[in-house]
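K.L.:
I'd like to ask you about the structure that follows.
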Amino acid sequence: MTARAIVESRLPLPLLRRGKVREVYEADAEHLLLVASDRVSAFDVVMREPIPRKGAVLTQMSAFWFERLAGVAASHYLTARNDEILERLPALRGRAEEIAGRAMLVRRTEPVPFECVVRGYLSGSAWLEYRSAGTLAGEGLPPGLTESDRLEPPLFSPATKAETGHDLNVTFGAMAGRLGRELASRLRDASFAVYQAGRDHAAGRGIIIADTKFEFGVARDGSVLLIDEVMTPDSSRFWPADGYRPGRPQPSFDKQPLRDYLSGLRGEGRWNGETPPPPLPDEVVSATSRRYLEAFRLITGRELEEMA
């Protein structure tokens, strides 16, 4: 599998949309091709420098989960294997290197306009709101919790999707009011089931999945499918279990080296947190790439090359 970083793909297929990380192409009337680039964002700003192999980690880790959890939740996933994609899409046969490891063929769906977030630990925006108001999305939580405390049972914390800026945490009632209680309940139940299965697997690999966000879509036959990415370092907080200590932030297997570097620049007044982003030193790019690869190895039990 190539280690060449790819900032964006440009394939001979109709481009449906280009997101922060992925390009979505129309494969045919029933299917889409998702291609994960090596772009990386922090503090809602996309960096100039890509993180080598990040896109392949996101795609292949999602493929691992889609296959492993097929009995827990139906998904849009068909394949992330390069040879199978090239066989089904002849137009890409001269572009094997460009999509190697980072492309996924999926069923088309109509995405549900909410992130389905499951929180097993109190961290991130949930901790910030709780610390200031004792609530999550305006609803009260038990008193006396500290940062990174385990939440048992886990909380379902939906959020509105934002094309730019931060997603907004909302209540289950707000979600049900827009989608209908029956669909909202199905999404909540599926989110809990997938999170529980993923949390149990990760625990056996020495990783705590502190929280994660899922996306769902409605297929043309009316079925609700798990879509996009599943329990990756971009959509989840992965903490090393052997270093877990509540009452403080936890180290994580994601872009923490990048966030730490940028936080230092902001603290020194050398970056205002807006576009354009500052240049990234090679050591920060390399450290971030290694962190993604380590998360992949720990979760899957394989090296990235074995999943191509």
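K.L.:
What aspartates and glutamates could a cross-link reach from Lys161, if we take a straight Cα to Cα line under 18 Å and drop same-chain neighbours fewer than 8 places away?
P.N.:
Here the aspartates and glutamates satisfying the reach criterion relative to Lys161 are Glu23, Asp44, Glu110, Glu115, Asp211, Glu215, Asp228, Glu229, Asp234.
K.L.:
Kindly provide the helix-only [θ] at 222 nm of the chain, computed as the sum of -39,500 (n - 2.57) over DSSP H runs of four or more divided by all residues, to the nearest 500 deg cm²/dmol?
P.N.:
-10000 deg cm²/dmol
K.L.:
Using the alpha-carbon centroid of each, what span in Å lies between the stretch 151-222 and the stretch 246-292?
P.N.:
Their Cα centres are 27 Å away from one another.
K.L.:
For Val40, list long-range residues whose amide hydrogen, built 1.01 Å from N in the peptide plane, is under 5 Å from its own amide hydrogen.
P.N.:
Under 5 Å from the amide H of Val40: Met47, Ile51.
K.L.:
Please get the size of the charge dipole for the stretch 93-158, origin at its Cα centre, with Cβ charges of +1 on Lys and Arg and -1 on Asp and Glu, quoted in debye to the nearest 20.
P.N.:
Numbers: 8 positive and 9 negative charges, 89 e Å.
Result for the stretch 93-158 is approximately 420 debye, rounded to the nearest 20.
K.L.:
With θ set to phi - 60° and the Karplus curve 6.51 cos²θ - 1.76 cosθ + 1.60, what are the ³J(HN,Hα) couplings of the stretch 264-281 in order, to the nearest whole Hz, using x for Gly and Pro?
P.N.:
x, 5, 5, x, 8, x, 9, 8, 8, x, 10, 5, x, x, x, x, 9, x
K.L.:
What do the square roots of 5 times the Cα gyration tensor eigenvalues come to for the chain, in whole Å, largest first, as semi-axes of the equivalent ellipsoid? Before the final figure, lay out each step's value.
P.N.:
On the way: eigenvalues 172, 125, 69 Å².
Semi-axes (√(5λ), whole Å): 29, 25, 19.
K.L.:
Just the ratio, please: alpha-carbon radius of gyration of the stretch 1-108 over 2.2 N^0.38 Å, N its number of residues. Don't jump to the answer; show the numbers that get you there.
P.N.:
Details: Rg = 13.5 Å, N = 108, 2.2 N^0.38 = 13.0 Å.
With N residues counted in the stretch 1-108, Rg over 2.2 N^0.38 Å equals 1.04.
K.L.:
Hey, can you grab everything whose amide H is under 5 Å from the amide H of Val170? Only 5+ residues off in sequence or another chain; H modelled, so Pro and N-termini drop out.
P.N.:
Counting only residues 5 or more places away or on other chains, the set is Ala159, Thr160.
K.L.:
Work out from phi, with θ = phi - 60° and the Karplus expression 6.51 cos²θ - 1.76 cosθ + 1.60, the ³J(HN,Hα) of each residue of the stretch 119-130, listed in order in whole Hz, and give x for Gly and Pro.
P.N.:
Going residue by residue, I get 10, x, 9, 8, 8, x, 5, 5, 5, 4, 5, 4 Hz, with x marking Gly and Pro.
K.L.:
Using modelled amide H (1.01 Å from N, peptide plane; none on Pro or chain starts), what sits under 5 Å from the amide H of Leu151, excluding residues fewer than 5 places away?
P.N.:
Sorted by chain and number, the residues that satisfy this are Tyr121, Leu122.
K.L.:
Net charge within 14 Å of Gly144 by Cβ-Cβ distance, Lys/Arg positive one each and Asp/Glu negative one each, not counting Gly144 itself? Kindly include the intermediate steps, with their values, before the conclusion.
P.N.:
Numbers: positive: Arg131, Arg150; negative: Glu147, Asp149.
That works out to 0.
K.L.:
Also, I was wondering about something else. Could you tell me which of Val7, Val72, Gly19 has its Cα farthest along the dipole of the stretch 1-128 towards the positive end, charges placed at Cβ (Lys, Arg +1; Asp, Glu -1), taken about the Cα centre?
P.N.:
Going by the charge dipole, the pick is Val7.
K.L.:
If you plug each phi of the stretch 192-209 into the Karplus form 6.51 cos²θ - 1.76 cosθ + 1.60 with θ = phi - 60°, what whole-Hz ³J(HN,Hα) values come out, in order, with x for Gly and Pro?
P.N.:
Working through the residues one at a time gives 4, 5, 5, 4, 4, 5, x, 4, 5, 5, 4, 4, x, 9, x, 10, 9, 8 Hz.
K.L.:
Still on this model: Which peptide among 177-187, 105-115 comes first, and what is the full order, when sorted by highest mean count of other Cβ atoms within 10 Å? Intermediate values should be presented prior to the final figure.
P.N.:
Values: 177-187: 15.0, 105-115: 18.5.
Ranked from most to least packed, the peptides come out as 105-115, 177-187.
A short reminder: the numbers here are calculations on the coordinates, not readings from a lab. A quick note: this is a predicted structure, and the numbers were derived from the prediction, not measured. Neighbour counts are summed over all protein chains in view; Cβ atoms, including those assigned to glycine, are modelled from backbone coordinates with ideal geometry.
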